[in-house]
Amino acid sequence: MRRSGWLLGLFVSLATSHHVFARDSDTPAQAQNAAAVGQAMIAGRAVSCKDIRGVAVTTMQVANLGDVGRAGIINRVPIIAIDPDIIRRLPDKLQLFFYQHECAHHVLGHWFQMSLNMETDADCWAIRYGRDNGVFSRDDVMSFAPFLAKSGGSPFGHLPGPARAKQLLKCFDTE
């Protein structure tokens, strides 16, 4: 029920949502350019995501989301919702990790075939994507631990913070 409630909230907020995530230092022209090419700005970087079908994922800001981000599908349109108030309090690399984690749900097709491991799979995909594209170093991944430490996990399969931090390092260190 909790997941469907946030989707309804997203649907209602579509008309007023901004699809670009700009830092205070970004100019309106930079934000406009990111939107023009189907990208979002996360931690000052232009990012984009395509789902398992190759369809561009729409990224939007949703206040009071209750989490850093969520992935979903609305009217067959893949979306990533990011809470701007929560994400801006995190270090840049962790912001990028959370964006890539939500993107991973789309890339891995979790909306078409659910699994018990989909949260851990999304974590590993995000870490490996960042590693393989020169975004995350092992030290970056280690620096996530204090921010994850108080998390109790989730009923959807997110590991509790300390276990999640260890799992992220394991993902970084393996193929």
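All of the numbers you see were taken from the coordinates with simple rules; none came from a lab. What you are looking at is a predicted structure, and each value in this text was computed from that prediction instead of being measured. Here Cβ is always computed from backbone atoms with ideal geometry, including for glycine, and neighbour counts include all displayed protein chains.
Annotations
- Modelled FRET efficiency - R0 41 Å, Ala46 with Phe156, Cβ distances, 0.05 increments: 0.90
- Alpha carbon centroid spacing (whole Å) that separates region 43-97 from region 107-172: 15 Å
- Pairs of Cα atoms farther than 11 Å apart, region 68-107, %: 61 percent
- Neighbourhood charge, 11 Å Cβ-Cβ cut-off, centred on Ala63 and excluding it, Lys, Arg +1 and Asp, Glu -1: -2
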